[in-house]
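Participant: Structure incoming, see below.
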Amino acid sequence: PGIYVCAKCGHELFSSRAKYEHSSPWPAFTETVHEDSVSKRKERPGALKVSCGKCGNGLGHEFLNDGPKMGQSRF
C-alpha cells in the first residue's frame, strides 16, 4: 500500500489504490496520482510511451482501452 514513485527522481506516479491484477508480469494501474505525474507520446495505435513527468525516466506504456473496466487505460 502507498505511492509508487520514479526510481530515478522520486516523483509520485501511481497509487496502490489504482493498482489491479493483470495477466502481464508488471504492476498494472488505471490512473496516475497527479495530472503531471507522467508525460506521454504516441508510439503506435493503442499504445502511448510513458515517461516520468519530472525527469523523463522511461516507465513503459499506457495501453488504451485495456483496463479492468470499459474505456479505462492500463499503465
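Participant: Based on Cβ point charges of +1 for Lys and Arg and -1 for Asp and Glu, what charge dipole magnitude is obtained for the range 3-63 about its Cα centre, in debye rounded to the nearest 20?
Facilitator: 220
Participant: Hey, another quick one. Grab the other residues whose beta carbon is less than 10 angstrom from that of residue 22, score K and R as +1, D and E as -1, and report the net.
Facilitator: Within the 10 Å Cβ shell, the charges total 0.
Participant: Continuing with this model, one more query. At a Förster distance of 30 Å, what's the computed FRET efficiency of residue 8 paired with residue 31, Cβ-Cβ distance as r, to 0.05?
Facilitator: Once the sixth-power term is evaluated, E becomes 0.90.
Participant: Also: Given axes a ≥ b ≥ c from the Cα gyration tensor, I'd like to know whether the chain is rounded (a/c under 1.5), prolate (a/b larger than b/c) or oblate.
Facilitator: oblate
Values in this text are rule-based calculations from the coordinates and carry no lab data. Predicted, not measured: the structure shown is a model, and the values here were computed from it. Positions of Cβ are backbone-derived with ideal geometry, glycine not excepted, and every protein chain shown enters the neighbour counts.
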